[in-house]
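Everything below concerns the one structure shown next.
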Amino acid sequence: MPFGEKNIKLSSGDTIVVSNTIRNLLPTRIIQAYKEYCKECDEEFKPLSDTCLFEILHCCTASNRKSLQGLDYFACDGSNAFDMLTHLCDELTTHDVTTSKIIELKKGLHESRNCLKNNYKLHVEFNSEVADHCIKYGLSDPRDLFWKEDCNHSHSMECDQCLLLKNTLIELRATIDSCSMTKEMKLRYLHRFDQNAQLIWDWKAHLMRCFQQDRARIDILQNLQNDSEFVLLDWALKWLPMKYRETQRDFFSNLFN
Ligand SMILES: [Zn+2]
Ligand SMILES: [Zn+2]
Ligand SMILES: [Zn+2]
């Protein structure tokens with residue numbers, strides 16, 4: 001298990017092994033998602049009451065991890081980028097942008113962040129008529145025949161949430177561009193905007209890649225023969241960050257020696 005496991009002793013004396021997972025949602029949202037999941041699986045199933053579910057989450061406490069190694073850098077950077085852009089919106093109030101405009105932009109950012117955090121990975125599909133959700137389309141490399149597959153459907157549908165993100169970012173850039181400020185200042189603002197917008201798009205692309213990677217893993221496990229073994233080495237999550245850390249240390253030790 002990637003994040004270790006825990007032994008839980010039952011009152012009957014039995015132990016069960018539970019794998020640790022990363023919890024990145026608020027308790028209310030976890031419960032909301034759990035109930036939706038129950039409903040999707042079986043309409044008749046009655047989940048425990050909210051009070052019980054909260055109590056369970058309270059007892060299975062989450063520990064905070066200070067080190068982000070093995071955690072998702074894309075999600076972390078992307079979420080930060082939303083904070084930066086929200087901050088940037090606030091700064092624009094001093095440059096003749098109306099309060100209603102700022103409120104609209106900040107609301108768009110807030111909702112879009114929630115969507116990337118919670119819903120987007122539930123919306124992606126291998127074949128989708130929404131271009132933003134279509135894995136085949138999104139993960140094809142147009143410059144490489146071997147890494148490309150054509151969709152046999154059109155991409156004529158739009159998703160409100162994906163559209164909101166797109167439009168909010170376009171609108172925010174246009175707002176900066178039409179602000180009354182010096183040319184140098186505007187360039188600095190636009191540069192800040194572009195950098196953070198890129199981190200957000202990177203996060204979204206990463207979510208799609210994760211989903212596809214997971215499909216491959218499940219596929220292998222389901223077709224595993226009795227005489228075969230499956231070893232998962234998480235190169236991107238575990239080894240690359242370590243390498244970067246070490247190169248950074250090498251860099252600093254060279255600097256001081
Ligand atoms: Zn969505
Ligand atoms: Zn498609
Ligand atoms: Zn969408």
For the stretch 107-117, Karplus couplings with θ = phi - 60° (6.51, -1.76, 1.60), whole Hz, Gly/Pro x | 5, x, 5, 4, 5, 5, 5, 4, 5, 5, 6
Quick one: if you stick a label point 7 Å off each Cα along the C-beta vector at Glu43 and Ile30, how many nm between them?
-> 3.0
Full extension from Trp147 to Asp77: what is 0.36 nm times the residue separation minus their Cα-Cα distance, to one decimal in nm?
-> 22.5 nm
Label-point separation, Arg215 to Phe54 (7 Å along Cα→Cβ), nm = 3.9
Note, ³J(HN,Hα) from phi for the stretch 25-36, Karplus 6.51, -1.76, 1.60, rounded to Hz, x at Gly and Pro = 10, 6, x, 4, 5, 4, 5, 4, 5, 4, 5, 4
So what is the accessible area of the stretch 73-220 per residue, in Å², with the probe set to 1.4 Å?
-> 61
Could you give the dipole magnitude of the stretch 73-220 about its Cα centre, charging the beta-carbon of Lys and Arg +1 and that of Asp and Glu -1, in debye to the nearest 20?
-> 260
Using Cα pairs under 8 angstrom and six or more residues apart, how large is the relative contact order of the stretch 5-59, in percent?
-> 22
Highest mean packing first, using Cβ neighbours within 10 angstrom, the peptides 143-151, 225-233, 163-171 sort as 163-171, 143-151, 225-233
When the accessible area of the stretch 5-59 is split by element with a 1.4 Å probe, what percent falls to carbon and sulfur?
-> 55
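The values are calculated or read from the model by the stated rules, or taken from the named source; none is laboratory data. Everything numeric in this text was worked out from a predicted model, so none of it was measured. For neighbour counting, all protein chains shown are included, and Cβ atoms are generated from backbone atoms with ideal geometry for every residue, glycine included. Keep in mind that these areas ignore ligands, DNA and RNA; they rest on the heavy atoms of the full protein, side chains included. Shrake-Rupley method; radii C 1.70, N 1.55, O 1.52, S 1.80 Å.
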